[in-house]
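Rule-based calculations on the coordinates, nothing more; no lab input. Since the structure is predicted, the reported quantities are computational estimates derived from the model, not experimental observations. As a convention, Cβ positions derive from the backbone with ideal geometry for all residues, glycine included, and neighbour counts pool all protein chains shown.
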Amino acid sequence: MRRVVGVAVLVFALAGVAAAPAPAAVAPYGTDDAGGFRNILPPGEAGTDNAIQLAAFRANNQRPAHWMDQQPLYENLLYASPALTHDQVAAYYKDATFGVRPEDVETTETPRPGLTIIRDKQYGVPHVYGDSRADVMFGAGYAGAEDRLFLMDVLRHTGRAELSSFAGGAKGNREMDRVQWALAPYTEADLQRQIDQAPVLGGAEGAQLVQDVTNYVAGINAYIAKARLDPTKMPGEYAAFGKQPEDWKVTDVIAEASLIGGIFGKGGGNELRSALLLEALQKRFGDKRGRRVWSDFRLKNDPEAPSTIRRKRFPYETTPSFAPRGLALPDPGSVTFLTPGGALAGEPSGSARTATPLRLPIPDDGSIGSQLLRQFVGEPPHASNWELVSARESTTGHAIGVLGPQVGYFVPQILMEEDLHGPGIDARGATFPGVNLYVQLGHGRDYAWSATTATSDNVDTFAEVLCQDDTHYLYRGECRAMDELDVTNSWKPNVSDQTPPGSETLSVYRTVHGIVFARGKVGGKDVAFVTARTTYFHEADSALGFLRLNDPNFVKDPQSFRRAIDGINFAFNWSYIDADHIAYQLSGAYPYRSPHTSSDFPILGTGEYDWQGFDPDRYLMSTVPLDKRPHAVDPPYLVSWNNKQAPGWAAADDKFSYGPVFRSRMIEQRVRQAIKGPRKMALEQLVQAMEEPATQDIRAFALTRPLLRALGHPSSPTLRAEIDHLRAWAASGGHRRDLDKDGRYDDDQAVTLMDAWWPRMLDAIYQPVLGDEAFKDLKDMLGFGGPPVGEAATDYPGFSDGWWSYVNKDLRDMFNHRKPLGRLSRGYCGNGSRQACRLLLRRTLLDALTDSHAKLYGYGDCQSDPQARCFDQDRFTTASAVGVPNFPFQNRPTFQQTVELTQRLPR
């Protein structure tokens with residue numbers, strides 16, 4: 001991709017030798033680096049395949065250099081994990097020290113005077129050195145385009161809801177446009193506003209951000225200019241789509257930030273659907289009992305839920321769910337959702353109304369859009385985790401950590417790695433291409449940081465009372481017109497997408513609070529239900545936090561780290577580690593709601609019940625300050641796997657799964673055991689504490705004991721044999737892995753049995769009690785969890801959200817002498833009868849034996865190999881013509897660091 005080929009190009013290069021720009025001074029390998037940093041980011045750093053390389057791949061399956069050279073390291077940790085040694089850690093995580101050894105330099109570029117980009121032979125990571133800060137930013141843009149230009153183009157068009165105009169009119173592309181236009185619809189002026197307000201809101205840092213992003217975009221455009229003249233620099237996909245790359249604007253960066261922030265950095269917004277569930281339950285059980293049953297499943301502040309901070313309370317959203325002030329429960333039967341995809345059944349032209357959907361049917365057309373929908377909407381990638389052990393609990397006497405984000409698996413990867421050095425910036429790590437002016441997850445001189453998605457509540461639903469017509473609403477005593485926001489896409493057939501020519505206009509309506517996504521009645525009055533996200537109009541603001549994290553003069557210790565994180569308004573759990581300290585801080589703009597109003601259901605949008613301090617002109621509000629958000633410094637250990645943050649910090653209204661069973665327990669249990677009493681933990685043990693749970697089935701880990709107790713001792717030999725299989729599987733760790741590589745899971749029989757039994761069990765327990773309507777509403781909001789057997793496999797079983805806590809708490813309440821904390825209002829299994837429950841479980845277990853492997857797993861690419869091992873595979877979302885094979889299931893971060901420091905550096 002970076003080699004100069006062809007006589008003409010060679011002559012051109014030689015002619016320019018005399019005028020070659022002066023390079024930046026390059027610091028020696030390891031300069032200003034404390035040592036002890038390693039990382040991995042599969043499949044590889046390279047992500048641009050020119051026409052020659054694309055032809056080579058199609059002819060003989062030859063991939064460009066560094067396309068998937070990190071994949072074997074990542075993939076094979078699975079097999080080494082059970083007996084991992086300290087020396088072996090280096091075999092599965094590459095050296096992440098600043099700089100490149102002289103003998104390891106692969107290429108050196110000087111895109112402009114004062115800038116040098118070096119790439120290493122081993123993995124091709126760009127190491128960017130600038131004489132000025134502007135040079136570094138320019139280099140980050142240039143290197144990002146060099147490695148991810150086509151993917152960056154996909155992401156910027158997706159962020160603008162213009163993917164179908166770029167990639168073609170396939171249903172998946174158009175559906176992705178609808179979803180994005182519902183989540184973050186912006187005019188060009190809206191995007192520019194975020195740039196213009198940066199110095200106003202961020203002061204000198206905001207002004208620096210504007211300079212940085214301007215220079216960053218200049219670097220992208222410099223590479224594009226070269227690619228237009230040099231076919232070896234042009235991604236081959238452009239020809240397939242009949243496109244040429246257009247110059248970037250600063251607003252393109254903001255558009256992409258709106259896409260990423262709207263997916264990974266939010267929580268909540270489920271208030272209307274929760275109200276519909278309540279309506280169905282009250283219809284089934286009556287008002288009071290319906291509320292109690294709703295609370296059983298809500299798990300808003302379950303006392304048994306594992307949390308990153310174990311004891312200290314951080315109260316948030318303490319008002320009762322059914323507080324009447326401003327409550328806007330919809331009238332029964334009145335709600336109509338404005339669903340994306342409504343025009344798909346018609347002609348591919350005209351107008352389509354869009355808004356947040358209940359649950360999307362994702363088109364299975366192989367388009368880029370359908371793949372993005374599966375990653376971003378179908379099952380959002382919430383598999384990030386980090387685990388830190390304090391200096392006093394480690395074998396080295398210094399803090400150790402294993403940490404990383406899960407953003408799915410892409411080709412090329414949706415993260416890229418970069419190593420940036422210049423005035424005010426020393427950082428290496430992962431970042432999203434297209435917004436990669438700073439390292440977003442990585443390490444500085446003597447510290448590292450990472451994040452998990454917090455899913456904390458920064459999205460609410462307001463019910464706007466309509467006046468005059470359905471596009472006007474009452475606010476602070478005035479009848480106001482809604483803003484109509486439109487985007488028009490048009491497409492024509494290309495090599496990759498033969499959809500006939502067409503166009504469509506997507507429209508949404510916006511009020512002072514946010515985007516209309518449904519209509520209905522409240523108290524007999526017509527209303528429009530609106531999604532209000534605190535980060536709307538402010539996605540760019542979070543760049544201030546990353547600016548600080550990359551600055552060695554800002555981040556020096558846990559306290560300065562926390563201040564850096566205070567500049568990020570997206571909802572993330574941030575970890576920090578240096579040689580002597582570990583720390584945790586929750587980021588995000590969490591609104592102070594109007595006093596005594598519910599955070600679980602829609603609230604009237606007439607103005608009296610606004611967020612406290614709400615300024616509709618600037619879209620700002622009063623938010624929870626840094627010290628009131630969950631945080632910790634130097635406890636014995638810290639673990640986050642997208643779990644609850646702290647006691648008292650309520651689960652967001654769309655998070656119904658923070659109960660006694662959550663996957664973070666699988667990591668935490670291993671860490672606690674390793675540091676119990678006088679024991680100390682080593683880095684390889686911490687890697688194991690992450691990797692062993694990466695293949696565990698949470699149902700085997702947490703449900704086997706209550707299920708076996710409830711099943712009792714049946715007389716049926718068949719049942720007894722299957723129970724023995726489940727017991728043995730749990731005793732061996734409950735893994736979904738094939739350590740002996742014989743092509744089948746080591747506990748395949750038990751795995752298959754659980755996959756078949758789980759949906760049958762849940763149907764039999766809950767549907768008769770809840771009734772069809774409420775059961776469907778609950779299932780639509782929170783899937784059963786586990787592998788989606790019986791349909792085409794599209795993603796791995798992340799075991800994040802599911803019904804395991806419901807089953808666990810119900811069975812413990814019915815069959816244990818020691819009752820659970822936060823008991824349910826009633827029994828569900830067997831309608832509360834122990835005998836009926838036992839018979840139900842035995843019957844469904846026997847029924848599960850009738851499901852064939854083909855029925856469970858024989859779909860999509862597993863038709864010829866219908867088994868769990870195939871079905872579970874980690875699959876890549878592809879935005880390139882050069883693909884990468886699926887690989888065995890691991891539920892672990894996409895990018896991951898190991899940190900084992902022994903020193904802190906002077907500033």
Go through region 84-100 residue by residue and turn each phi into a ³J(HN,Hα) via Karplus (6.51, -1.76, 1.60, θ = phi - 60°); whole Hz please, and just put x for glycine and proline.
4, 10, 4, 5, 6, 4, 5, 7, 10, 9, 7, 4, 10, 5, 4, x, 9
For residue 623, the residues 5 or more places away or on another chain with a placed amide H closer than 5 Å to its own amide H are 592
So for 367, 507, 132, 664, fewest C-beta neighbours within 10 Å to most, what's the order?
132, 507, 664, 367
Using a 10 Å cut-off around each Cβ, can you sort 234, 176, 781, 761 from fewest to most neighbouring Cβ atoms?
781, 234, 761, 176
Ascending count of other beta-carbon atoms within 10 Å, so fewest first, for 681, 621:
621, 681
Can you tell me what the convex hull of the Cα atoms of region 137-197 projects to on average, as an area in nm²?
5.1
Search the structure for amide H atoms under 5 Å from the amide H of residue 471, placed 1.01 Å from N in the peptide plane, and list their residues when 5 or more places away or on another chain.
none
P(r) tail fraction, region 719-869 - alpha-carbon pairs more than 20 Å apart, %:
55
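Pull out a ≥ b ≥ c, the square roots of the eigenvalues of the alpha-carbon gyration tensor of region 437-555, then state rounded if a/c is under 1.5, prolate if not and a/b is larger than b/c, and oblate in the remaining case.
Details: a/c = 3.04, a/b = 1.42, b/c = 2.14.
Verdict is oblate for region 437-555.
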Report the Cα centroid-to-centroid distance between region 849-907 and region 585-612 in angstrom, as an integer.
39
So which lysines pass the test for residue 312, namely a Cα distance under 26 Å, with those fewer than 8 places away in the same chain ruled out?
266, 300, 556, 628, 644, 655, 676, 680, 809, 819
Taking Cα centroids, how far is region 254-326 from region 185-246 in Å?
38
Long-range tail of P(r) for region 52-107 (Cα pairs > 17 Å, %):
59
Membrane-span-like helices in the chain: DSSP H runs reaching 15 Å or more (Cα, own axis), mean Kyte hydropathy at least 1.0?
250-264
Under a cut-off of 17 Å between alpha-carbon atoms, report the aspartates and glutamates in cross-link reach of residue 492, not counting same-chain residues fewer than 8 places apart.
162, 175, 177, 237, 347, 365, 504
For a test of the definition: using alpha carbon positions, the gyration tensor, and the 1.5 limit on a/c, classify region 606-717 as rounded, prolate or oblate.
oblate
Shape call, region 391-432: gyration tensor on alpha carbons, a/c limit 1.5
oblate
Starting from the Cα of residue 481, step 7 Å along the direction of its Cβ; do the same at residue 495; then give the gap between the two resulting points in nm.
4.8
Sorted largest first, the C-alpha extents of the chain along its principal axes in whole angstrom are 88, 70, 54
